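Report on the following structure.
Laboratory data are not the source of any read-out in this text; all were calculated from the coordinates shown. Quick caveat: nothing in here was measured; it's all calculated off a predicted structure. Glycine also receives a Cβ, built like all others from the backbone with ideal geometry; neighbour counts cover every protein chain displayed.
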């Protein structure tokens, strides 16, 4: 289609709010280009973090690089939702890409870990808008009845990035220099060409009308949500290191609680102009679905954090190999998403997928809670496929139900609110379950020592093996801290000495899966209380054009 014809078609869509299938697909190209930036960045950095920290001589600060990105991306999500309502989604989406590109460029030339954390925070400001705005724009142009089919493509983007991210990150980290620049820096610098392509695609194809409505910017809501969320995320990320009963943890948690109270007060006062209008929670469907999203995020992401660690520590996979080994979960996620999307479009029913999705996710964790160190890798893959089948049904269904439960003019804030609360649940889940995992390893320290001593008693000459030289002079009583600090020694020492450690780690992980399954069982029960509303057959844009 020529530019002139494309412009004419866009103008016609602006009047009627109706877009053709071709127009929708072209818009999706732009949206997925932007989403790919954020999705890839989440998985590519973790693989190379140790290399980065060693090069910048700040290993003890590596957690702050992750925390900074997480905080800004989470806090900015609801802000983008509101600004998109006021100024237009396309404009805000392009701003989000620009901020992300600038953050990537500066991160690529960071000279120390403090700088890198700051630049990653800037990246997060951009990333916060990419996912929420993409889902909102999709809601603008596609009716809820048809939306699940298209959202499957978004999940495919995330699934693909979760596999290739560790591969790309490990590849760059393993190269000393590329074009006279440190290899790991290209993890950030590669976002420049990808981002410029995404910007071109968005500028060229993302033509959606904006029905402007006069509204004040809720500055008070923006400030109070930062005061509420930042301390809570800091506690979630750093509480295990500080101690859950320490002064910093208690102090920040108290500030967070006061911030929540202040945020609710301000939002109630701002009414329809609020960052998160409280009226959207009057819908029992929206409220229950949002609560279910928090529970699912808590259990799903909390348990999911253990899988890559199991693949690397118990099975000796490199981060790159772990990415490949996660493919069964990605395949389960993609297939479940596509099938449930088509069924939802055909029948208009979605509640069944909340029930089945949470049931399968819970079943996968119950199954994985029986894991042993001598399991074959295919046995772990069975659990990953089940988890993917559950998650694939849940994520898109929760978003569609939330969007369908509010008026067209509130789709932006509803989408960002749903995404925001699910991210908060996931963040808290990761913090809680990592604490359970590492505490479980510490609790099994005596078991590890006993297993190693039995192996030595059985074969006294085993300590003469050159592979075991690094254990000589080590205090076996603190072997658990070696596992949580740098587990690479497990691939060097002889299998007889490594097995007790791997078995203890598998048992600690099984405890994580068991607790996560209980959380998801709560989600399964909660899914029955979601009131299923009839899916609307008009897009948000069409309803706005008709003044609905």
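If I model a spin label at residue 457 and residue 216 as a point 7 Å from the Cα along the Cα→Cβ vector, what separation in nanometres do I get?
7.6
I'd like to compare 300-310, 129-139, 509-519: which one has the highest average count of other Cβ atoms within 10 Å, and what's the full order after that?
The most tightly packed comes first, giving 129-139, 300-310, 509-519.
Just need log10 I(q)/I(0) for segment 380-438 at q = 0.13, 0.18, 0.22, 0.25 Å⁻¹, Debye formula, equal scatterers on the alpha-carbon atoms, no solvent, rounded to two decimals.
For segment 380-438, the Cα-only Debye profile gives -0.49, -0.79, -0.94, -1.01.
What relative contact order, as a whole-number percentage, does the chain give when Cα pairs under 8 Å and 6 or more residues apart are counted?
22
Evaluate the distance, in nm, between pseudo-label points positioned 7 Å from the Cα of residue 447 and of residue 258 along their respective Cα→Cβ axes.
Modelled inter-label distance: 4.3 nm.
Kindly give the semi-axes, whole Å and largest first, of the ellipsoid equivalent to segment 23-139, taking each as the square root of 5 times a Cα gyration tensor eigenvalue.
Equivalent-ellipsoid dimensions as semi-axes: 29, 14, 11 Å.
Answer rounded, prolate or oblate for segment 238-326, using the Cα gyration tensor with square roots of eigenvalues a ≥ b ≥ c: rounded when a/c is under 1.5, else prolate when a/b is larger than b/c, else oblate.
Here segment 238-326 falls in the oblate category.
Restricting things to Cα coordinates, could you compute the convex hull volume per residue of segment 169-282 in Å³?
About 211 Å³ per residue, rounded to a whole number.
How large is the Kirkwood hydrodynamic radius of segment 196-355, counting all unique pairs of alpha carbons, in Å?
For segment 196-355, the Kirkwood estimate is 20.5 Å.
With 5 Å bins from zero, work out the P(r) of segment 219-274 over every alpha carbon pair and list the percent per bin.
4, 24, 25, 17, 12, 9, 6, 3, 0
With 5 Å bins from zero, work out the P(r) of segment 262-374 over every alpha carbon pair and list the percent per bin.
In whole percents, the pair-distance histogram is 2, 9, 13, 16, 16, 12, 11, 10, 7, 4, 1, 0.
Simple spin-label model, 7 Å along Cα-to-Cβ: residue 525 to residue 271 in nm?
About 4.0 nm separates the two model spin labels.
Can you tell me the 0 to 90 degree angle between the C-alpha axis of helix 445-458 and the longest principal axis of the chain, rounded to 10?
Rounded to the nearest ten degrees, it is 40.
FRET efficiency for residue 176 and residue 533, Cβ-Cβ distance as r, R0 = 51 Å, nearest 0.05?
For residue 176 and residue 533, the calculated efficiency is 0.35.
Return the Cα extents of segment 101-202 along principal axes one, two and three, sorted largest first, each rounded to a whole Å.
Result for segment 101-202: principal-axis Cα extents of 51, 25, 24 Å.
Using all Cα-Cα distances in the chain, what percent lands in each 20 angstrom bin from 0 up to the longest?
Per 20 Å bin, starting at 0, the Cα pair percentages come out as 21, 55, 21, 3, 0.
Stretch residue 247-residue 21 to full length: gain in nm at 0.36 nm per residue minus the Cα-Cα span?
75.7 nm
Using a 10 Å cut-off around each Cβ, can you sort 207, 21 from fewest to most neighbouring Cβ atoms?
So the residues, fewest neighbours to most, are 21, 207.
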